[in-house]
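Enquirer: The structure that follows is given in the form of structure tokens.
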Amino acid sequence: MKESLAGKLIVASPKLTDPNFARTVVLICTHDENGAFGLVLNRPLMEARVGEHLPAWVEHVAEPPVVFQGGPVETTVGLGLGYSSSPFVMPGWTTVLGNVGLVDLSKPPGTDGDSELERARVFAGYSGWAGGQLEGELNEDAWFVLPLQEGDPFTEAPEALWREVLRRQGGKLAFFAFLPEDPSQN
């Protein structure tokens, strides 16, 4: 492992055709020699409203107020990602990058002094890689490693995030944003 990718985005390259990750944007939350853990930011489950599962979180959840598919691992486990202008005073907060961090969904927001939470996302499942596995995928050019903008996890247009992240890079990466999902349909 050269350097930790925690706090960065990995964006699926057009080479990545695995249906679990094709055209995904994954926020890497932790990464070390033992592996990596991340959340897919652009797979909303429109039929799974947050209010039906975690009603106390509804007022904090960014639009659309639905649960997101965080990845193919442990899809029955709920995980929270939040934005706070004062994250370091929040119990149950684990910083990912800057003001973005993992939040404890077991306590309703506003308890234990965590009223500084401004936005949140709820995820079912996560994306995980064993030690060296993500590095192998990077060596195969399956992913682009790109900087996170703090608004990315909370965009109101998550389905457009893959294209948007690539487009803002400019150059060759911006070109990929305009590729059709299925080139054989041209």
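Enquirer: Can you name every residue in segment 2-56 that is in a helix (DSSP H, G or I), among the small types (G, A, S) and without any contact (Cβ under 8 Å) to a residue 40 or more places away in the chain?
Expert: First pass over segment 2-56, keeping only residues in a helix (DSSP H, G or I): 50-53, 55-56.
Filter again for among the small types (G, A, S), leaving 51, 56.
Once the filter is applied, which keeps residues that are in a helix (DSSP H, G or I), among the small types (G, A, S) and without any contact (Cβ under 8 Å) to a residue 40 or more places away in the chain, segment 2-56 yields only G51.
Enquirer: Further question: Could you grab me the full set of residues in segment 1-45 that are farther than 26 Å from E181 by Cα and among the small types (G, A, S)?
Expert: Those that are farther than 26 Å from E181 by Cα and among the small types (G, A, S): S4, A6, G7, G35, A36.
Enquirer: Limited to segment 131-175, what total is found for residues that are within 20 Å of T17 (Cα to Cα) and assigned to a strand (DSSP E or B)?
Expert: So the answer is 4.
Enquirer: For segment 116-154, give me each residue that is of a type outside the set (F, W, Y), in contact (Cβ under 8 Å) with a residue 60 or more places away in the chain and in contact with a helix residue (DSSP H, G or I) (Cβ under 8 Å, 6 or more places away or on another chain).
Expert: Within segment 116-154, A120, R121, V122, V145, L146, D152 qualify.
Enquirer: In addition: Within segment 139-150, which residues are surrounded by fewer than 17 Cβ atoms within 10 Å (Cβ to Cβ) and either modelled with pLDDT of 95 or more or touching a Lys or Arg at 6+ places or on another chain (Cβ under 6 Å) (or both)?
Expert: Start the filter on segment 139-150 by keeping residues that are surrounded by fewer than 17 Cβ atoms within 10 Å (Cβ to Cβ), which leaves 139-141, 145, 147, 149-150.
Matches in segment 139-150: N139, E140, D141, V145, P147, Q149.
Enquirer: If you don't mind, another one. Does at least one position in segment 77-93 carry a residue that is in contact with an Asp or Glu (Cβ under 6 Å, 6 or more places away or on another chain) and at pLDDT 95 or above?
Expert: Checked segment 77-93: no residue is in contact with an Asp or Glu (Cβ under 6 Å, 6 or more places away or on another chain) and at pLDDT 95 or above.
Enquirer: Of all residues being exposed (fewer than 15 other Cβ atoms within 10 Å of the Cβ) and out of contact with any Phe, Trp or Tyr (no Cβ under 8 Å at 6 or more places or on another chain) in segment 70-87, which is farthest from P109 (Cα to Cα)? Just the residue, please. Spell out how you get there, then give the answer.
Expert: Taking segment 70-87 first, the residues exposed (fewer than 15 other Cβ atoms within 10 Å of the Cβ) are 73-77, 85-86.
Filter once more, so that each one left must be out of contact with any Phe, Trp or Tyr (no Cβ under 8 Å at 6 or more places or on another chain): 75-76, 85-86.
Values: T75: 23, T76: 21, S85: 15, S86: 14 Å.
The selected residue is T75.
Enquirer: So, G80, is that one among the small types (G, A, S), in contact (Cβ under 8 Å) with a residue 24 or more places away in the chain and in contact with a Cys (Cβ under 6 Å, 6 or more places away or on another chain) or not?
Expert: Details: among the small types (G, A, S): yes; in contact (Cβ under 8 Å) with a residue 24 or more places away in the chain: yes; in contact with a Cys (Cβ under 6 Å, 6 or more places away or on another chain): no.
So G80 fails the test.
Enquirer: Additional query: Here's a check for you: in segment 15-26, which residue that is within 15 Å of G125 (Cβ to Cβ) and either touching a Pro at 6+ places or on another chain (Cβ under 6 Å) or of a type in the set (V, I, T) (or both) is surrounded by the fewest Cβ atoms within 10 Å (Cβ to Cβ)?
Expert: N20
Enquirer: Now for a different question. Can you say whether V67 is surrounded by 13 or more Cβ atoms within 10 Å (Cβ to Cβ), β-branched (V, I, T), at pLDDT 95 or above and under 22 Å from L148 (Cβ atoms), as far as the supplied structure shows? Give the derivation first.
Expert: Numbers: surrounded by 13 or more Cβ atoms within 10 Å (Cβ to Cβ): yes; β-branched (V, I, T): yes; at pLDDT 95 or above: yes; under 22 Å from L148 (Cβ atoms): yes.
For V67, the condition - surrounded by 13 or more Cβ atoms within 10 Å (Cβ to Cβ), β-branched (V, I, T), at pLDDT 95 or above and under 22 Å from L148 (Cβ atoms) - is met.
Enquirer: With the condition kept exactly as written, say whether any residue in segment 83-92 is in a helix (DSSP H, G or I), farther than 15 Å from C29 by Cα and hydrophobic (A, V, I, L, M, F, W, C). Reasoning before the result, please.
Expert: From segment 83-92, those in a helix (DSSP H, G or I) are 87-89; that's our starting set.
Remaining after also requiring farther than 15 Å from C29 by Cα: 87-89.
The next check asks that each one be hydrophobic (A, V, I, L, M, F, W, C); those that pass are 88-89.
Checking segment 83-92: at least one residue is in a helix (DSSP H, G or I), farther than 15 Å from C29 by Cα and hydrophobic (A, V, I, L, M, F, W, C).
Enquirer: OK, next. In segment 106-130, which residue that is assigned to a strand (DSSP E or B) and surrounded by fewer than 18 Cβ atoms within 10 Å (Cβ to Cβ) is modelled with the lowest pLDDT? Can you show your working first?
Expert: The initial filter retains those residues of segment 106-130 that are assigned to a strand (DSSP E or B), namely 117-130.
Keeping just the survivors that are surrounded by fewer than 18 Cβ atoms within 10 Å (Cβ to Cβ) gives 118, 128, 130.
On the way: E118: 89, G128: 98, A130: 98.
Among those that are assigned to a strand (DSSP E or B) and surrounded by fewer than 18 Cβ atoms within 10 Å (Cβ to Cβ), it is E118.
The values are calculated or read from the model by the stated rules, or taken from the named source; none is laboratory data. Since this is a predicted model, take the numbers as computed values, not measurements. No Cβ is skipped: glycine too gets one built from the backbone with ideal geometry, and neighbour counts run over all protein chains shown.
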